[in-house]
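A.B. asks: Let me give you the structure first, and then I'll get to my questions.
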Amino acid sequence: MKKIIRETEAIAYEHLKAFGFPEEQITPLVDRAKKDLQANLTKLEILLHEDTISIDEINNVLHALKGLLFNLGNHALAEKLNEIRSHLESDVALKEISQILFDET
């Protein structure tokens, strides 16, 4: 989880600079986005470990993460999450989410 946040933070600074945002606007935007990423990733991790997994709730969190990541310039991960959303009912998709978002190696 921390890896995704760090990578997205680095991408976001460059992405927002490319749009002409001044540094004094970028820092608070990225700080807020990091908190949102953390909250959504934590929620997703909890959902993935519940006894009864709610595909709808996982889908909602993935949708929020996709939008957040896309707006921060992490398009590759946003697209990957969108692809996973298309086959969420499979156990493979749930394992893939965990590997992508929570593997810190």
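A.B. asks: So for the pair residue 88, residue 9, with labels modelled 7 Å out along Cα→Cβ, what separation do we get in nm?
C.D. replies: The answer from the label model is 2.8 nm.
A.B. asks: Taking a probe of 1.4 Å, how large is the accessible area per residue of the range 1-102, in Å²?
C.D. replies: 58
A.B. asks: Something else: Using unit Cβ charges (K, R positive; D, E negative) and no other charged atoms, how large, in debye to the nearest 20, is the dipole of the chain about its Cα centre? If you can, show how the numbers build up before the last one.
C.D. replies: Details: 12 positive and 19 negative charges, 63 e Å.
Dipole about the Cα centre, nearest 20: 300 debye.
A.B. asks: Classify the range 1-64: rounded, prolate or oblate, from the alpha-carbon gyration tensor (a ≥ b ≥ c, eigenvalue square roots; a/c under 1.5 rounded; otherwise prolate if a/b is larger than b/c)?
C.D. replies: Prolate, because a/c is 1.5 or more and a/b exceeds b/c.
A.B. asks: Still on this structure: Please report, as a whole percent, how much of the solvent-accessible surface of the chain comes from carbon and sulfur atoms (probe radius 1.4 Å).
C.D. replies: Working: 3300 of 6230 Å².
Here it works out to 53 percent.
A.B. asks: Say the dipole of the chain comes from +1 at the beta carbon of Lys and Arg and -1 at that of Asp and Glu; which of 48, 29, 94 then lies farthest toward its positive end?
C.D. replies: Value: 29.
A.B. asks: Quick one: order 31, 36 from most to least accessible surface, probe 1.4 Å.
C.D. replies: Result of the area sort, largest leading: 31, 36.
A.B. asks: Counting helices only, and only those DSSP H runs with n ≥ 4, report the 222 nm mean residue ellipticity of the chain as the sum of -39,500 (n - 2.57) divided by its residues, in deg cm²/dmol to the nearest 500.
C.D. replies: On the way: 5 runs with 83 residues, N = 105.
So the helix-based figure for the chain works out to -26500 deg cm²/dmol.
The values are calculated or read from the model by the stated rules, or taken from the named source; none is laboratory data. What you see is a predicted model; the values in this text were computed from it and never measured. Cβ sites come from the backbone with ideal geometry, for glycine too, and all protein chains shown count toward neighbours. Heavy atoms of the whole protein, side chains included, go into the accessibility calculation; ligands, DNA and RNA do not. Shrake-Rupley method; radii C 1.70, N 1.55, O 1.52, S 1.80 Å.
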